[in-house]
Every structure is written in C-alpha cells, then in structure tokens.
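The values are calculated or read from the model by the stated rules, or taken from the named source; none is laboratory data. Since the model is a prediction, treat every value here as computed from it, not as a measurement. Note that we place each Cβ from the backbone using ideal geometry, even for glycine, and neighbour counts take in every protein chain shown. Heads up: the accessible areas ignore ligands, DNA and RNA and are worked out on the full protein's heavy atoms, side chains in. Shrake-Rupley method; radii C 1.70, N 1.55, O 1.52, S 1.80 Å.
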Amino acid sequence: MSAANGVRRVWVGQNGLLSTPAVSAVIRERVGVDGSKATGAFILTASHNPGGPHEDFGIKYNMENGGPAPEAITDKIFENTKTITEYLIAEDLPNIDISTIGVANFSGPEGQFDVEVFDSASDYVKLMKSIFDFELIRKLLSSSKFTFCYDALHGVAGAYAHRIFVEELGAQESSLLNCVPKEDFGGGHPDPNLTYAKELVARMGLGKSDSAVDPPEFGAAADGDADRNMILGKRFFVTPSDSVAIIAANAVNAIPYFSSGLKGVARSMPTSAALDVVAKNLNLKFFEVPTGWKFFGNLMDAGLCSICGEESFGTGSDHIREKDGIWAVLAWLSILAFKNKENLNGDKLVTVEDIVRQHWAIYGRHYYTRYDYENVDAGAANDLMAYLVKLQSSLDEINSSVKGAHSNVSNVVNADEFEYKDPVDGSVSKHQGIRFLFEDGSRLVFRLSGTGSEGATIRLYIEQYEKDSSKTGRDSQEALAPLVSIL
C-alpha cells in the first residue's frame, strides 16, 4: 500500500519486532542510510481496546514527533473512512526478507521503492546509554548482594532485554523470564500486574505460597508492546503512582539526563496525587491531564514537562513521546545504584522497600486502589454519571452523607467534572471524569471508559492521603476502609 501511494522508503524493524517506545525513538533519532528521517510510523500492536483477531490487535499511527496522532488527525482519518470508495495496493512486489538487515530496492508503481530492514534494538540502546549511567548500573548488577529479575511476559520487550540487561549491563541470563517474543504471549496475558505476571510475582516472594528460595532484590515486568512496566522489590510492590513520584524525586541526582533539572512533571487525572506533592516540594511545574499519552506529548514538545506517568502502569519522560517500560526499569536501577554507590561492599544494600518508605516519610503516602465495573449497561452508566454531576451542586448534602457513613472521613471541599484546557494548543477536553476532593488531600474519582455496544466500563479510583509518618506503614485495605464505607 505504501508503494502504491508513492511512499519513497519504508523502514521495518528486523523480524518485524519493534517496541512502541523504540518506534518513537526511531522516528525521533534514526537517520537512514540515505540520510532520510521518518515522517511517522504505523504500529501494529497488541491493544487493550477491542479490535482485530481475538480482540487483541490494533493499528496505531504515530506522528513526526514520535507520539500518538492527536485527536485532530484521528478525527480526520475517521471522517475519511466514511467517504472512501477505493484504495491503492501494489500486488506484484517481491517478498522482502525482514529477517535480514539491509535495503531492498525495486521499482514500484510510482518509481523506485526501498524497504530498509534495520536492527530493532541499536537505536533504542544508544538512546538509553545517553540517558543513564550504564557503568554505575553495571556495578550494582555485578554486586554479589544484588539480584535482579525481568519478565517480558513473552512480549516484544524480550527483543531488548538480552541486549540491555545481559550484554550491556552484565546481568545473568537466568535473570530473564519469558523473554522470547511469541505471537500468543505464551498463552498468557501480557499485562504487567500482580494478577497476570504470576511467575515473577511468585519469584519476588509475593505469591500466595511462601518459597524457600530467597527472592531477588529487584524485579520488573513489561506488557506486550513494552511501553508499560511493573516494579517490585523483595516481597514488595511499588504502585505506578508511587513509582513516577519516586523517579521524579530522585531523577536529578540519579539520572545524568536530568542533571540540569526537571522542566516540569505531569500525571493523568486518575493517577494518585503523589507526584503533586513532589512537584510542590521541589517547586516544579505540575500538570494534571486527561488519560492519553498525547496530552503529555504536547507538554513535552513545548518544553514544559520532563517526567510523567499514569496509574495504569505507564511511566515515561521527554526522551521520546510514548510511555517506556524499559526506561522506567533503568530509572529504578539508576536510583538503586545511586543510593548504593558507596555501599556495594557494605553489610546491607538500600532496597526498593527502603526507598519507597523513605519517600513516604518525606512526602506522605497516597493509599490508592481502583475498581473496574465492566460491561455495565451504557444507559445506566450515563445515568449514574449524570446523577454524580447533579450531586456535586450541594457539598453540604454530600458532607452530611459522608459523616453519616463514617465520622472519621474528612470533608469534601471541592467537587467537579474534570475538564482540561491544553496550555499549548488551547484545545479543551471535557467530561474526563468526576472528582470529589477532600480537605485532607484524599480523592474519589469516577470515570466512564468506553460505551460500546456491549456496555460501558465505570472506573472508580479511591485515594487516601496520609501525612503522619507513623501511619504510612498500614495495610492499604485498612487505610482505605473509611473512604470505601461512604460509597
């Protein structure tokens, strides 16, 4: 189709494998053998939205900045689909061996057409080495006291794991789990969370049964296209909201790319306010945006944001315009390496859990959970959201109900339907979620996600902020119980 429509050259990752963050890096960084630059990219990727074979396949277009196409572009594409009557395709082109690096030249319907197959990892690895101190991380991984485990869940991250963690950083081959990419993800679900990353969770000592083997000090998992991540310590889970806040709090000291300071930080609206507290304490620009990485991209293109994240296990920075799972793992390894650089021969290393608990002691803890109510009748879901908006008109009534349900819950001081005006292009995104904001910094957020023919999904986010350092070690269920009781 590219050849038939006059495209001059197409780049393809070797074996057709490129992670979503690597695609963004290639668009932004790579120069072809003829000096050309990419003008965009089509990504055929496992998707969290229904579509394609078995509802786990999607096609995405990324722009010249390396980020997802904005709504103005996708709206135009959608409008074109309503009027298109034909499409062009070149059917007599020879097959290209995408397992072999090189350039194939031949005549297409519109003139010479080239297909350049390139190494999928080299550009991305080069970018990571320009961001992090690989030598310092290598010293950490070579310490007899530090053990490491990375689970690619048979997704595309496996194509990068060996190159980065084993070849570049010296980790043991045995540190890698499920790092052979498979079309069916080995029969599993490539979601980097405590439910689906069962093998990693068990190895890190967080499974239901205790293992006699001592868990590694650090563990991480990736999703199918390697843009999301999960961070684990020994018998310890780091929430995505805490992860981005901790990376931001330590970035200037621990990551060379940020040594001159952060331009600003941002999070998606449903993500906990842990990052807000860091931004306030460090006097950083802070942005709360709707769900969707394109909103972060606008801020980054304008030089307003360095680090960003979302509660659905996505973390990233302005090195590209996508979330980046391996970047997040390297960021955590950098923080651990920095904290332990004078301590590698000591009695005990600073652990993931130590870093998180130290962070809570300084900034407080945001206890956080999310409930998903799936396949809800779309009409009923819309009625509920309309009722919640109406309820927001009387804070006195809300607080009377809250106190009646649980006297220890703080008062609601503000309630709204989140609306975002982009500070860069002035675009307005409405109806992005309904928020109830409490006096002590706690929040309840309701968000409608999708209203397809089979029903909608209502996401409920519950967040309890605790500043008292003597109470930041409580079990999450216990800390969140008062807020849960008022629903």
Hey, TYR196 in a helix (DSSP H, G or I) and aromatic (Phe, Trp, Tyr) or not: no
Considering only the range 320-359, how many residues are open to solvent by 10 Å² or more (accessible area, probe 1.4 Å), in contact (Cβ under 8 Å) with a residue 24 or more places away in the chain and hydrophobic (A, V, I, L, M, F, W, C)? 3
Based on what the data block shows, is GLY433 within 28 Å of the chain's Cα centre (by Cα), under 30 Å from GLY303 (Cβ atoms) and in contact (Cβ under 8 Å) with a residue 60 or more places away in the chain? yes
Identity of the residue in the range 363-390, in a helix (DSSP H, G or I) and in contact (Cβ under 8 Å) with a residue 24 or more places away in the chain, that ends up nearest to PHE237 (Cα to Cα): TYR363
Anything in the range 96-110 that is open to solvent by less than 70 Å² (accessible area, probe 1.4 Å) and either over 30 Å from GLY187 (Cα atoms) or among the charged types (D, E, K, R) (or both)? List them, or say none. GLY102, VAL103, ALA104, PHE106, GLY108
Within the range 458-487, can you find the residues that are more than 24 Å from ASN399 (Cβ to Cβ) and either modelled with pLDDT under 90 or open to solvent by 60 Å² or more (accessible area, probe 1.4 Å) (or both)? SER469, SER470, ARG474, ASP475, GLN477
Quick check on the range 111-127. Is at least one of its residues open to solvent by 20 Å² or more (accessible area, probe 1.4 Å), at pLDDT below 95, among the hydroxyl-bearing types (Ser, Thr, Tyr) and under 26 Å from ALA22 (Cβ atoms)? yes
If we keep just the residues of the range 49-78 that are closer than 28 Å to LYS182 by Cα and surrounded by fewer than 13 Cβ atoms within 10 Å (Cβ to Cβ), which is modelled with the highest pLDDT? ILE59
Determine the pairs where a residue that is acidic (Asp, Glu) and surrounded by 20 or more Cβ atoms within 10 Å (Cβ to Cβ), located within the range 134-158, has a partner that is modelled with pLDDT under 95 and outside any helix (DSSP H, G or I) with Cβ atoms under 6 Å apart, the partner being 6 or more residues away or on another chain. ASP151/ALA197
Show the residue pairs that are 6+ apart or on different chains and have beta-carbon atoms under 7 Å apart, the first residue being within the range 1-26 and on the phi > 0 side of the Ramachandran plot and in a loop (DSSP other than H, G, I, E, B), the second being among the charged types (D, E, K, R) and open to solvent by 10 Å² or more (accessible area, probe 1.4 Å). GLY6/GLU110
